[in-house]
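Worksheet for the structure shown next.
The values are calculated or read from the model by the stated rules, or taken from the named source; none is laboratory data. Please read all numbers here as calculations on a predicted model, not as lab measurements. Quick reminder, even Gly has a Cβ in these numbers, built from the backbone with ideal geometry, and neighbours come from all protein chains shown.
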Amino acid sequence: MYKKKPFFIVFEGVEGCGKSYQSQKLKKNLEKKGIKLVLTREPGGTRSAESIRRLILKDYFNKGKKEKFDKYTDTLLYLAARNEHIEYKIKPALKKGKVVICDRFIDSTLAYQVYGKQVDRNFIDHIHKFILKGIKPNITFILKVSSKSSKLRLKKRRTKNRYDNFSQSFYTKAQKSFLQIAKNKKNYFVLESSLNNSDLEKKIFSIVCKYLKIK
Ligand code: TMP
């Protein structure tokens, strides 16, 4: 029998890896079992964090290179959005004993800002000490995708995303960083996500069911 308890699930991976799709599938599957949950994303998830998200994403499409946010400004914006998100959405939901599914979290900051843009790790760790307030994902799914597959998925999207502005090598590096982060950690699951079938959805659901003791 499922006993209500706070449980924090995070999906991570590069653009086009299917995180958003898989988190929605997991939400549907858990709701069918009567589980109360919150599906959210970073950057974003609250009204204020979503407005910070728009600010960040708008900057990526700003063509004038010189006018772009400095990498520390960019990092601070992600962290500012995270603070709002934790304080007003994640923490309250976990307090109520809900399951929280989040599309990206702190590992995206490590992969993109630290490994990708060489932002000082200590800077981020220091701010995280103040804003995370002990909140840690119970499990993290890292979705691994081939560049061919991710490109195809992104091509199908109607809205533009950062992918257009960064090189393939940036994403190859980001994916490697995610894999590195997951290494030797028992609450991380690295799953191949290049194929478009329902196997992955089933695998994710069965892992979560084991943790939540759902039959
Ligand atoms: P999305 O494409 O998954 O919606 O995420 C928006 C972009 O933000 C994506 O390119 C990854 C990036 N990002 C970071 O660079 N650092 C972070 O900490 C987070 C949460 C996202």
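Couple of notes before you dig in:
- Tallying residues that are crowded, with 21+ Cβ neighbours inside 10 Å and either more than 16 Å from the chain's Cα centre (by Cα) or more than 14 Å from the ligand (Cβ to nearest atom) (or both) within the stretch 66-116 yields 2.
- A single member of I181, I207 is closer than 18 Å to F105 by Cα and at pLDDT 95 or above, and it is I181.
- Any chance K173 is at pLDDT 80 or above and of a type in the set (K, R): yes
- Residue in the stretch 18-34 that is crowded, with 17+ Cβ neighbours inside 10 Å, near the ligand (Cβ under 10 Å from one of its atoms) and hydrophobic (A, V, I, L, M, F, W, C) present: no
- Checking K133 against (1) farther than 30 Å from E87 by Cα; (2) in contact with a Lys or Arg (Cβ under 9 Å, 6 or more places away or on another chain); (3) exposed (fewer than 15 other Cβ atoms within 10 Å of the Cβ), the condition it does not meet: (1)
- Residue in the stretch 10-29 that is under 25 Å from F130 (Cβ atoms), in contact (Cβ under 8 Å) with a residue 40 or more places away in the chain and basic (K, R) present: no
- Residues in the stretch 171-215 that are closer than 19 Å to R153 by Cβ, of a type in the set (A, V, I, L, M, F, W, C) and surrounded by 16 or more Cβ atoms within 10 Å (Cβ to Cβ): A174, F178, V190, L191, L200, I204.
- Y2 touching a Leu at 6+ places or on another chain (Cβ under 9 Å) and of a type in the set (S, T, Y): yes
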